[in-house]
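Heads up: the structure comes next, in structure tokens.
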Amino acid sequence: MLRATYRVPADYGTTYQFLGSWAVAADQGPGAQQLHVVYASPGTIAAYRRDGHFPEGAVLVKEVFAAATDKMATGTVSRAQTLKGWFVMVKAAGTAIPATSCGAMAGAGRGSTPAIP
């Protein structure tokens, strides 16, 4: 099976827009085991709001962090501790590369692959 290998865009941390984040609950006990943070290539969010779908060529980068959970004055808090890796998702309908699923971005035409830094 043919799969694409994407590279993490070097400038995503400074030029991409923050799209959202979520925590994956710990299997046991309080807190999170992972935190996921998603960024969208410039113009992607505005295009989605305008047209109701991601435009061709839209790129999303998802960072996956191992989480640490500690008791703090405000309560039990989970935070990003170690970057475990990235996923790069590219909207590319009609390609020869099959789409795969990745979290909230599952669906036809959205390719996702673990990325190379």
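Just so it is clear, none of the values below were taken in a lab; they were calculated from the coordinates. In this text the structure is predicted, and so the values were computed from the model without any measurement. Every residue, glycine as well, gets a Cβ built from its backbone with ideal geometry; the counts of neighbours run over all protein chains shown.
How many percent of the alpha carbon pairs in the range 1-89 exceed a separation of 21 Å?
In whole percent, the long-distance tail amounts to 44.
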Subject >> Surrounding net charge for residue 35, when Lys and Arg each add one and Asp and Glu each subtract one, Cβ distance under 13 Å >> reply: +2
Subject >> Interchain or long-range residues, amide H under 5 Å from residue 33's placed H >> reply: 24, 25, 26
Original post:
Roughly how many whole Å is it from the C-alpha centroid of the range 20-36 to that of the range 61-96?
Top reply: 9
